[in-house]
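Notes follow the structure.
Taken together, the values in this text are just the output of simple stated rules run on the coordinates, not laboratory data. The shown structure was predicted, so the numbers you read here are calculated from the model rather than taken from an experiment. No Cβ is skipped: glycine too gets one built from the backbone with ideal geometry, and neighbour counts run over all protein chains shown.
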Amino acid sequence: MRYNFDESMDRSENSAAKLEEAHLHYGTNDVIPLWIADMDFRTAQPIIDAIKARADQGIFGYTFRPDAYFASVIGWQQRRNGYSPAVEKMAFAPGVVPAMRMFLNLFTVPGDKILIQQPVYHPFADIVHNTGRMLVVSELLRDEAGRYTMDFDDLEQKAGDGVKYFILCNPHNPVGRVWTGEELGRVGDICVRHGVGILSDEIHADLMLGGSKHTVMAQVSPEIAAFTTTFIAPSKTFNLAGLQASTVIFDSVEKKEDYVAELRKMDIARNSCFNLVASMAAYNEGEEWLAQLLSYLEGNMRFIQEYCQLYIPKLKPNEPQATYLCWINALDLGMTDGELLRFFVDKAGVALSMGNEFGQGGSGFVRFNAACPRSTVKRALEQIRAAVDAL
């Protein structure tokens, strides 16, 4: 079927956090909310149908997870990435960030060094600090064209200084890089040499743009796979974040069993009745919707590029290879991060994620969530243009 991604949805009807919580971060809800990374699109019809059919049963008790659940995850990975994870190493998680926090609590101790690359998704730093571990940062390199690469010399030095785990963003949020097999092999070999475990966040792996191809970190080599735990979910791909279902693929059965035991202690080891059927429908029947989504997102990214080049040349959007998040260089506005925040909120009426939230190298940048109807993208850019013209 054909999906209409131009349809404007009233998110106020579903208590959307991006609307209702904007005042906590920006001081007002009277903004176009382009900050939280979820989409303003209806999900695939097979997912809606599966949830409706389950709701029609009228019984919402404890839910057993059938073998078909992880089989759907494996089938998706095989078709999309040529990856066949072992089911005995797979576990349910209520979310990627909660699972990573649990992992650090289970398999590290306070004071252990955890390495990340900034700018990067800010909860990485949060879970390190909140668990009492020591944050170690390697800053990504940015060339004159705005393309980001890994600083392998810096990674080598820091990994060799007693780091316990490295958290990888693959593909990268917010800079939109799809790391190549060669890049992943180099960083993986560094980790193997120094005995550093890898936590690979691959939640955006299905959102490949412009013909990019995702490489699963655990697929790069058997040696790297033995050090890598992978975190995936249908939430970003199919706009299911509110259903809270993710999968962790551990590097060993023993770690998986320790993790599941901890889930059971907290009584959160089961799927909900709705995320169970939604996840299976997404992985088994969602590819038609996803193909149309990616085409639409590519169009939105082109629109942002072309609009800024023509009307707001002081803003320099990147060309993301993946995700629905556009990383925009706003350095030419000559503002501090605090001034940028107030400018976009108070003068343009747009709530963007501020680059300094993503750590080193993020100052002077903003992240624009382009997963919304093109009319919303256009309205936001027109408001930003008017505010810039009025400077």
- Message: Run through the range 87-189 and list the GluC sites (Glu not before Pro) located in a DSSP loop whose Cβ has at most 12 other Cβ atoms within 10 Å.
- Response: E144
- What distance in nm separates the simple spin-label points at E182 and D143, each placed 7 Å from Cα in the Cβ direction? 1.1 nm
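How big is the shadow of the Cα convex hull of the range 193-311, averaged over all directions, in nm²? Intermediate values should be presented prior to the final figure.
Working: hull surface 43.0 nm².
So the mean shadow area of the Cα hull is 10.8 nm².
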- How big is Rg to Rh over the range 283-343, alpha-carbon atoms, Rh as the Kirkwood inverse-mean-distance radius? 1.14
- Message: Restricted to Cα positions, what overall size does the range 149-220 have along the principal axes? Three whole-Å values, descending.
- Response: 38, 20, 19
- Task: Provide the net charge surrounding E223, with neighbours chosen by a C-beta distance below 15 Å and charges set as Lys +1, Arg +1, Asp -1, Glu -1.
- Result: 0
- Note on the structure: Nearest-0.05 FRET efficiency for D126 and D30 at R0 = 25 Å, using Cβ-Cβ distance, is 0.35
- Tell me, what does the Kirkwood hydrodynamic radius of the chain come to in angstroms if you use every pair of distinct C-alpha atoms? 21.7 Å
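For the range 62-284, give me the percentage of DSSP beta bridges that are antiparallel, rounded to the nearest 5 percent. Walk me through the intermediate numbers first.
Working: 9 of 27 bridges.
Expressed as a percentage, antiparallel bridges in the range 62-284 total about 35.
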- Message: Once you keep just the Cα pairs under 8 angstrom separated by 6 or more residues, what percentage relative contact order results for the range 62-284?
- Response: 26 percent
- Can you give the Rg and Dmax of the range 62-284 based on its C-alpha atoms, in angstrom? 16.8, 54
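For the chain, calculate the relative contact order in percent as a whole number, restricting contacts to Cα pairs under 8 Å that are 6 or more residues apart. Walk me through the numbers on the way to the answer.
Values: 705 pairs, mean separation 92.1, N = 391.
Relative contact order, the chain: 24 percent.
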- Where does the chain land at 222 nm, in deg cm²/dmol rounded to the nearest 500, when only DSSP H runs of n ≥ 4 count, each adding -39500 (n - 2.57), divided by all residues? -12000 deg cm²/dmol
- Task: Using only the C-alpha atoms of the range 1-58, find the volume of their convex hull and express it per residue in Å³.
- Result: 109 Å³
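Stokes-Einstein at 4 °C, 1.567 mPa s, Kirkwood radius from Cα pairs: D for the range 127-256 in µm² s⁻¹? Could the numbers behind the result be given before it?
On the way: Rh = 15.6 Å.
D, rounded to a whole number, is 83 µm²/s.
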- Task: Please give the contour-minus-distance gain from M335 to K314: 0.36 nm per residue of separation, less the Cα-Cα distance, rounded to one decimal in nm.
- Result: 6.4 nm
- Enter the Cα centre distance for the pair the range 21-93 and the range 324-351, rounded to the nearest angstrom. 31 Å
- Message: Please compute the contact order of the range 343-391 in relative form: average sequence separation of alpha-carbon pairs under 8 Å and at least six residues apart, divided by the residue count, as a percent.
- Response: 40 percent
- Note on the structure: Across I232, I203, I127, the residue with the highest GNM fluctuation in the chain (Cα network, 10 Å cutoff) is I127
